[in-house]
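Colleague: Can you read through this structure? Questions will come right after.
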Amino acid sequence: MSAVDVLRAVRRFRAADVAMRIKARSDMEMNDSDLVALRHLIAAEERSESIGPKDLSVFLGISSAATAKLLSRLEAAGRLHREPHPSDRRAQVLHATRRAHDEIRRALGAAHQRMLAAAERLTAPEQRAVVSFLDELSGAMDEPTESPSPAEPARSTE
């Protein structure tokens, strides 16, 4: 086992995750941004957090115009409803509809349960090691890209 083997395993996981999302999007007949937005809204609702259009724009990294189109699509499909913010009449609070909750659960629920079961089979020290490694890997990906010097060729992780 080597560091390259670990990175290959991460790539296999990422490919499996992408395949799962593609299937879910296909089953639900929606694009990736719509699916990510719905999952974000559902997760926020589970934490009792309010999400408005601007919050969603920031989370998705898209313009307010693109967010407006996304919200219109989700609303027209019966997957989203908007209500006035309780303390700011100019703002809105977004909610995934029961239909959206059911569709997401149907499309991703079984896979998420299997993933949770796999994580639960790890010991507490293994869980800490995985979380630490993935956090470190995420941080490494956020750092600016530097070209290797000619004396140090890039190592393949394939």
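The values are calculated or read from the model by the stated rules, or taken from the named source; none is laboratory data. Predicted, not measured: the structure shown is a model, and the values here were computed from it. When we count neighbours, we look across all protein chains shown, and the Cβ atoms used for this are built from the backbone with ideal geometry, even at glycine. Ligands, DNA and RNA are excluded from the accessible area calculation, which covers all protein heavy atoms including side chains. Shrake-Rupley method; radii C 1.70, N 1.55, O 1.52, S 1.80 Å.
Colleague: Step by step: first the residues of the stretch 69-116, then only those that are of a type in the set (Gly, Ala, Ser) and at pLDDT below 90, then the one that is farthest from Phe13 (Cα to Cα). Which residue is that?
Modeller: Here the residue is Ser87.
Colleague: Being closer than 27 Å to Ala16 by Cβ, open to solvent by less than 80 Å² (accessible area, probe 1.4 Å) and modelled with pLDDT under 85: is that true of Ala140 here?
Modeller: In short, no.
Colleague: I would also like to ask the following. Give the residue, chosen from Ile42, Ile51, Ile22, that is closer than 30 Å to Ser132 by Cα and modelled with pLDDT under 90.
Modeller: Going through Ile42, Ile51, Ile22 in turn, the sole match is Ile22.
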